[in-house]
Structures are given as structure tokens and as C-alpha cells.
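Nothing in this text is a laboratory measurement; each read-out follows from the coordinates by a stated rule. Source: prediction; values computed, not measured. Cβ: placed from backbone, ideal geometry, glycine included. Neighbour counts: every protein chain shown.
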Amino acid sequence: ATVLVCPLLQWLVDKRPMGWKDAPQTWMAACLCLCGVAALELFGGGGGGGGGTSLRDHWEQLGRGDALSLVQAVGFGTGVFLSEKMMKKEPDQALSITAGLVGVTAFYSMIWCFVDGWMFRTMDGGDGGIAMQQWQSYGLPGLFLNPDMRTVAYAVAWTGIISTSTNFFIEITALGRVPSSEASVILATEPLWASLFAAWWMKEEFGVSDVVGGMLMIGACVVNTLKPDDLRRWIGGSVDGNDEKELDGNVVSMTVEQ
């Protein structure tokens, strides 16, 4: 949904021409992206074991969580759009904007922890151990001091420093140079990279749906780099009036020079 939200906001808020005639590469890339994500997420179970879940089973499993995920995608797309506008006004404030994003994320995560109530549940000490509340083991600094939670601590550190803070900074910096409609297509390739790392690191096998989805998402990135006129010629369309005048002017100037 993010690949659709960004161009829609550019049209609604910035009044930028984003129709099919104005930006065909954006909408074609968005469609290819959506199809690629659908192939990766909905079709088959991946691998060569033949035990994949059917498309019908996937549709039957859709529920409130999937609706919330769709709302999250809309919110993420809006955030990408607003970040682009801030970076265009203040191109040297990427670090400050990143700090704001990380701070807000941490604040709402804290609220979620209190509302969920898991922090105040008691853990069984077991084998004569001392029972303690979960926040003492899962919070800071207990998470990094408990040897049994070492793997979880590494995962939290990686997620917080690399996947969140560093990722936010790179994303915000890039949005100062790339329009949000184009950046959203690149960001939508996340499932493709997850599949590649799973195949390389976890030795998972690619299924047909993974290959098809990956090719569609790569195609979306390629299409998004094309100029509108080049894409129209490629799909058999014609250039508009302004393009024809420009071409005629070039022909006339070449004739005069000769």
C-alpha cells in the first residue's frame, strides 16, 4: 500500500501531476511491486518440500491483524512522504529528523509495554531459582546481564541500532535526493531481501513464487527509473504534444545547422 500512498499524497497535497499520462512509470512500478509482494507473501510456502499453504488457505487466514498491517502501510507511506518534504526544506537535518523518529518509536513502544501488562507478570524461578517479574529479565540492564537471554539481547541490539536507527538515518538522507514515490518502490523490496538473506544465511530454498515475486520487484525498480516518454515508446504509446513540438524543434535546428 505504501507504493500507492506516496504518489496519491503527492497528487492530493502537492498538486503534482501524477496521472497515467504524467507519471506512467510510477503506477506501473507500483502494480509490479504489489504483484511481487503478493507472490512472495500469499502464493505457496517456499522451498521444495511441497508442503506449501494454498492461496485459499492464506485468504481464509486474513483477519484483524492483516487490517492493522494495511493501516501501518498507509501510516508508513505518509511518514515517507512527510520525511521527504522535511528534507527538501532542511537538507542538512537528517540526523535531527532521525532522532525524532527514533524517540517517537521508543515512546510508543514504552506505552505499549505498560498497556500490555507483560512487564508485571511473574516468572517462575525453577530449580530453586528466585521468581522475578518479567521486566527484571527482559528489561535493561537485566537483558544484557542474564546469560540465558544473550541471544535475545543480541537481537534487540541489532534491531535497535542497525534495523531501526541506522535504517532511519539512511532512509531520511536518501529522501532528500529521491522522490517519495520512487523511494517507496525501493523500500517495498524488503520481502525480496529477506528471502535472499534467508536463502544465503538460513539455507532456505526458493520456491517458484519466490522467484516470480523477486523478478516482479526487480522489474518494478527498473521501470521506476525510466522516463515517462521512454516508457510510452516502449509500450507502444505516443508522445504528447509538448514532446512532439520539442522533437520538431530539434529537427528544425539540425536542418538549419546543416
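Electrostatic bookkeeping for Asp14 treats Lys and Arg as +1 and Asp and Glu as -1; over the other residues with beta carbon under 15 Å from its beta carbon, the sum is +2.
Couplings 3J(HN,Hα) for the range 169-181, derived from phi with the Karplus relation 6.51 cos²θ - 1.76 cosθ + 1.60 (θ = phi - 60°), are 5, 5, 5, 5, 4, 5, 5, x, 10, 10, x, 4, 5 Hz, where x marks Gly and Pro.
Rounded if a/c is under 1.5, else prolate if a/b is larger than b/c, else oblate: which is the range 164-217, with a ≥ b ≥ c the root eigenvalues of its Cα gyration tensor? Cα axes put the range 164-217 in the oblate bin. For Cys31 and Leu82, a Förster radius of 22 Å and the Cβ-Cβ distance give a FRET efficiency of 0.35, rounded to the nearest 0.05. Restriction of the GluC sites (Glu not before Pro) in the range 153-213 to DSSP coil positions whose beta-carbon has at most 16 other beta-carbons within 10 angstrom yields Glu204, Glu205. An oblate overall shape is assigned to the range 136-237, the ratio a/c of its alpha-carbon gyration tensor axes (a ≥ b ≥ c) being 1.5 or greater and a/b not exceeding b/c. Backbone amide hydrogens, once placed in the peptide plane, bring Phe206 within less than 5 Å of Gly47, excluding anything fewer than 5 places away on its chain.
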